[in-house]
Every structure is written in structure tokens, then in C-alpha cells.
Amino acid sequence: MRIASTSTLIITACAVAAACRGTLATHPSAPRPVAEGLAPTPPMGWNSWNKFGCRIDEALIRETADAIVSSGMKDAGYQYVNIDDCWEAPARDANGNLAADPQRFPSGIKALADYVHSKGLKIGIYSSAGTGTCQRRPASLDHEVADARTFASWGIDYLKYDNCNNEHRPAFERYRAMGNALKATGRPIVFSLCEWGQNKPWEWGRTVGGNLWRTTGDIRDRWTSMLAILDKQVGLEKYSGPNGWNDPDMLEVGNGHMTNGEYVAHFSLWSLLNAPLIAGNDIRSMGDSTRAILTNRDVIAVDQDWGGEQGHKVRDDGEQEVWMKPMSTGDRAVILLNRDSTTATVRATMQEIGLPAGTHTARNLWTHADTSFGGEITAELPGHSVAMYLVHH
Ligand code: GLA
């Protein structure tokens with residue numbers, strides 16, 4: 001059952017209580033929905049980790065925000081500029097609060113947040129539900145309330161909350177503590193659970209205020225890694241939906257160790273899964289082919305559409321697979337995937353993609369050409385590639 005939003009609950013309660021009349025939404029101190037409603041579609045943005053690891057500083061974050069605007073990514077829907085691990089000073093400050101690394105972020109996170117906001121973007125930060133981050137910087141276990149307040153005071157819009165150094169304490173409790181602390185700040189902060197899928201966060205992520213939850217360990221910029229993560233998404237489709245998304249990890253598009261066709265496959269598949277689209281490359285220097293992938297609006301539109309079900313595998317012939325996502329229009333987004341290294345024909349019947357038999361028109365979401373399929377949808381695909389279609393109902 002989907003949890004009703006805070007405002008829905010208030011409306012329901014007020015409908016039977018005459019005393020409530022007139023207070024809803026007009027009262028300046030009326031509670032705002034915080035966790036609910038923050039990610040009605042899968043979040044889109046950028047994160048520093050996949051490309052830069054610990055080699056980050058405030059200039060990189062500012063330049064990336066600039067490049068998200070100038071490259072057209074902002075117009076295509078990318079919104080969050082997320083700082084990952086290694087932003088923290090080696091120790092908490094004299095008051096016990098988290099502080100930014102004074103060498104790498106001398107102006108402080110508040111100034112950086114103001115800059116990112118001035119570009120019409122939002123800013124995200126990182127901590128761990130442990131005694132230290134994965135790179136052994138101070139983290140938030142047992143400091144949740146203070147750290148959430150610090151993030152809110154800086155103007156943070158998104159928190160990625162990792163799982164390192166967790167002292168083997170129960171995940172649910174560790175993540176709930178931060179979810180409650182974020183909610184208590186009153187600032188809308190998207191809560192991204194980076195629990196690596198170890199304790200089935202898809203079953204409880206929503207109840208701790210999570211808006212997305214990692215389903216696996218870390219992605220690497222390799223075709224085999226991307227496919228291994230894809231395989232682990234099978235069966236999780238029923239847990240994803242507005243404000244609570246399965247997160248198969250951030251994008252590697254443009255990082256250099258996959259071919260263009262492999263990156264097209266990665267981006268297509270992540271979009272079909274309604275995955276958060278968090279770019280992980282150097283936006284400042286990306287080439288045209290990378291930009292063309294990341295800003296393909298036809299494919300992004302599939303990611304951002306909610307037709308009641310995350311995309312899932314509908315046919316498996318071993319090295320060839322077919323994945324389908326119902327769109328809110330009744331159309332079907334379909335990916336034909338050739339995992340093999342040699343050319344192969346991939347096919348599915350109309351019935352397998354949930355459409356009546358017969359001829360259907362379709363749009364190829366990478367060539368943007370219209371085509372039609374009679375009876376079955378099929379394509380001959382080079383090794384390590386996909387074709388992606390919007391098949392009309
Ligand atoms: C973990 C996370 C990664 C990244 C690193 C940072 O491995 O899963 O996404 O945040 O920590 O140290």
C-alpha cells in the first residue's frame with residue numbers, strides 16, 4: 001500500500017473536524033509534506049564520485065554547475081549537483097558539527113549552495129550511517145539531528161547516505177534516525193539511501209523517509225559491471241514508484257571504459273528502469289556523443305514517465321533479452337538488448353510487450369525515426385548494443 005502524503009492525511013483528518021477549517025495550507029506554520037512528494041519522478045543530476053573520487057573541490061562543483069547549464073543538461077531535466085565523499089574536514093569542529101575540508105572548500109558549503117542555487121539548480125551532499133564515511137571522514141551515526149540541521153542550514157536539497165563503518169547496527173534504525181532528523185529540519189531534502197541492497201531497502205526505504213535506495217554495490221565503468229547490476233534488478237520492479245525509487249547506482253556514461261554503443265545501452269536501460277539519472281562524468285569537458293546520450297529527451301521522457309510499473313524483463317533468450325515499460329499513455333517503451341559480443345537478431349511478440357497482435361507504429365528513440373512492426377518487434381543488433389522503441393498502443 002502506498003503511504004498517503006502528509007497533506008492527504010491532514011485533509012482527511014480535517015474533513016471531519018470543523019475546527020480545522022481554514023487552517024490548511026494557509027497557516028504559515030502548517031506542517032509541510034517533507035519526505036513525501038520530493039521525488040515524484042526519478043531525481044536527475046550529477047555526482048562527483050564516479051569520475052573524481054576524492055579529487056574534488058569547490059571550483060569543480062561550481063564549474064560543473066556552470067556546465068550543466070551551458071551544455072543543455074539543465075534544460076533536459078538535470079537538477080541536482082551532488083558532492084560525494086571527501087568534502088568533509090578530517091574532524092568535526094569545536095562545537096561537534098560537520099565542517100568542510102578547509103583546503104578543498106575554503107568558502108564553505110553554504111557559499112557553494114548559494115552559487116548552485118543562483119544557477120537554478122539544487123545541491124546535494126553525502127554522509128554515512130556509520131562512524132566514518134567510506135573514505136574515513138567524520139560521518140553521522142549518532143549525530144543525525146545535528147548533522148541534518150547543519151545540512152539544512154547550508155541550504156542542502158539532497159542527502160546521499162552511505163553504509164560504511166556501521167558498527168553492525170540495524171540498517172532500518174540507522175536510516176530511520178536520519179530520515180526523521182531530515183524531516184524535523186522542515187527543509188525539503190531528498191533522502192537517498194546508499195545501503196547497497198544489503199538489507200532489502202526496497203522493502204522499508206519508504207517508511208524511513210527514503211526517496212530512493214541503492215539496490216546493489218558500486219557500479220564500475222565496464223559493460224560487465226553494468227549488466228551485473230541490471231541482472232540484480234529483476235524482481236525489484238514492484239517496489240519502485242513515485243517518491244520511492246530503486247537506484248541501480250549512478251551513471252558511468254562518458255567515463256571512457258565503455259564504447260558509445262555500450263553507453264547508449266546503459267542509459268537506455270537505466271531510463272527503462274525509472275532509475276535516478278545521476279550523471280557521473282566530467283560535464284565540463286564531455287564530447288558531443290556523451291552529451292547526445294545524456295540529453296536524449298525521448299529516452300529521458302521514458303525515465304520520467306510513470307505508467308504504474310517500472311520497466312522489467314519480458315523475454316530472455318540468454319544473450320538476447322527484451323525489456324518493457326508501460327507508459328502512462330498505454331504505449332510501451334521497449335528495449336531489445338544484445339549482450340553478446342557478436343551481431344544477433346532480437347525479437348519479441350506484441351503479446352510479450354503487452355500489446356494486441358497486429359501492426360503497430362513505433363518510434364526509434366535513438367534515431368528518432370518512425371517505423372512500424374507487424375506481429376513482432378525485431379532488430380538485428382551489433383554486439384553489446386540495444387535498440388529502444390516507443391511502440392504505440
Ligand atoms: C560507497 C558508495 C559509493 C561512493 C563511495 C564514497 O562505496 O557506494 O557510491 O559514495 O562509497 O566513498
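The values are calculated or read from the model by the stated rules, or taken from the named source; none is laboratory data. Being a predicted model, the structure only gives us computed values, none of them experimental. So basically every Cβ, Gly included, is an ideal-geometry build from the backbone, and we count neighbours across all protein chains shown. When the accessible area is computed, the model is the full protein with side chains, heavy atoms only, and any ligands, DNA or RNA have been set aside. Shrake-Rupley method; radii C 1.70, N 1.55, O 1.52, S 1.80 Å.
How charged is the neighbourhood of Ile56? Take every other residue with its Cβ under 10 Å from the Cβ of Ile56, and add Lys/Arg as +1 and Asp/Glu as -1. Don't skip to the answer; put the middle values down first.
Details: positive: Lys51, Arg55, Arg104; negative: Asp57, Glu58, Asp84, Asp85, Asp101.
After counting each charged neighbour, the total is -2.
Positive end of the charge dipole of the chain (Lys, Arg +1 and Asp, Glu -1 on Cβ, about the Cα centre): tell me which of Ser271, Phe191, Phe52 has its Cα farthest that way.
Value computed over the given set: Phe191.
Over its Cα atoms, what ratio of radius of gyration to 2.2 N^0.38 Å does region 312-391 give? All intermediate terms of the calculation are to be shown ahead of the outcome.
Values: Rg = 11.7 Å, N = 80, 2.2 N^0.38 = 11.6 Å.
For region 312-391, the normalised Cα radius of gyration is 1.01.
What percent do you get for the relative contact order of region 312-391 when only Cα pairs under 8 Å and 6+ apart count? Don't skip to the answer; put the middle values down first.
On the way: 184 pairs, mean separation 26.1, N = 80.
About 33 percent, as a whole number.
List the pairs from Lys119/Lys160; Lys110/Lys325; Lys110/Lys238; Lys183/Lys313; Lys74/Lys110; Lys110/Lys313 whose alpha-carbon separation is above 32 Å, in the order I gave them.
Details: Lys119/Lys160 21 Å; Lys110/Lys325 40 Å; Lys110/Lys238 38 Å; Lys183/Lys313 36 Å; Lys74/Lys110 21 Å; Lys110/Lys313 44 Å.
Beyond 32 Å: Lys110/Lys325; Lys110/Lys238; Lys183/Lys313; Lys110/Lys313.
Between Asp317 and Thr207, take the C-beta separation as r, use R0 = 45 Å, and let me know the FRET efficiency to the nearest 0.05. Provide the component values of the computation, followed by the final result.
Numbers: r = 38 Å, r/R0 = 0.85.
Computed FRET efficiency for Asp317 and Thr207: 0.75.
Over the chain, with every protein chain in place, what whole percent of the accessible area is carbon and sulfur at 1.4 Å, could you tell me?
Solvent-exposed carbon and sulfur of the chain make up 50 percent of the total.
Can you pull the accessible area of Asp316 for me, 1.4 Å probe, Å² to the nearest 10?
80
What is the set of long-range amide H partners of Gly130 at a cut-off below 5 Å, with H atoms built 1.01 Å from backbone N?
Result for Gly130 returns Ser140, Leu141.
Pick out which of Thr378, Thr342, Thr64 has the largest mean-square fluctuation in a Gaussian network model of the chain, springs linking Cα atoms closer than 10 Å.
Of Thr378, Thr342, Thr64, the Gaussian network model singles out Thr342 as fluctuating most.
Taking the Cα centre of the chain as origin, sum charge times position over the Cβ atoms of Lys and Arg (+1) and Asp and Glu (-1), and report the length of that vector in debye to the nearest 20.
Values: 38 positive and 45 negative charges, 223 e Å.
Value, rounded to 20: 1080 debye.
Report the far tail of the P(r) of the chain, meaning the percent of Cα-Cα pairs longer than 29 Å. It would help to have the intermediate numbers written out before the result.
Numbers: 34362 of 77028 pairs.
So the pairs more than 29 Å apart make up 45 percent of the total in the chain.
Around Trp245, which amide H atoms from residues at least 5 apart in sequence, or from another chain, sit under 5 Å from its own amide H, with H modelled in the peptide plane?
For Trp245, the qualifying residues are Leu212, Trp213.
For Arg315, enumerate residues with amide H under 5 Å from its amide H, sequence gap 5+ or separate chain, H modeled in the peptide plane.
Amide H neighbours of Arg315: Val322.
Where only protein heavy atoms count, and the probe is 1.4 Å, what is the accessible area per residue for the chain in Å²? Intermediate values should be presented prior to the final figure.
Numbers: 15970 Å² over 393 residues.
With the other protein chains kept in place, the chain gives 41 Å² per residue.
Which residues in region 55-86 have a backbone N closer than 12 Å to a point placed 7 Å from the Cα of Ala111 along the Cα-to-Cβ line?
Those under the cut-off are 58-59.
Please give the calculated 222 nm ellipticity per residue for the chain, where each DSSP H segment of at least 4 residues contributes -39500 (n - 2.57) and the sum is spread over every residue; nearest 500 deg cm²/dmol?
-8000 deg cm²/dmol
Express in nm, to one decimal, how much length is gained between His168 and Ala94 on full extension, taking 0.36 nm for each residue of separation and deducting their alpha carbon distance.
Values: separation 74, 0.36 × 74 = 26.64 nm, distance 2.82 nm.
Between His168 and Ala94, full extension yields an extra 23.8 nm.
HN-Hα J couplings of region 175-189 from phi, Karplus 6.51/-1.76/1.60, θ = phi - 60°, integer Hz, Gly and Pro as x?
6, 5, 4, 6, x, 5, 5, 5, 4, 5, 5, x, 8, x, 10
Given the whole protein assembly as supplied and a 1.4 Å probe, what does the accessible area of Trp87 come to in Å², nearest 10?
0
Tell me the label-point distance for the pair Glu309, Asp370, using the 7 Å Cα-to-Cβ offset, in nm and rounded to one decimal.
2.7
Can you work out ³J(HN,Hα) from phi for every residue in region 321-333, in order, using Karplus 6.51 cos²θ - 1.76 cosθ + 1.60 and θ = phi - 60°, giving whole Hz and x for Gly and Pro?
Each residue's phi maps through the Karplus curve to give 9, 10, 10, 9, 10, x, 8, 4, 7, x, 5, 10, 8 Hz.
Tabulate in residue order the Karplus-calculated ³J(HN,Hα) for region 125-131, using 6.51 cos²θ - 1.76 cosθ + 1.60 with θ = phi - 60°, rounded to whole Hz; enter x for Gly and Pro.
Calculated HN-Hα couplings, in order: 9, 9, 8, 10, 7, x, 7 Hz.
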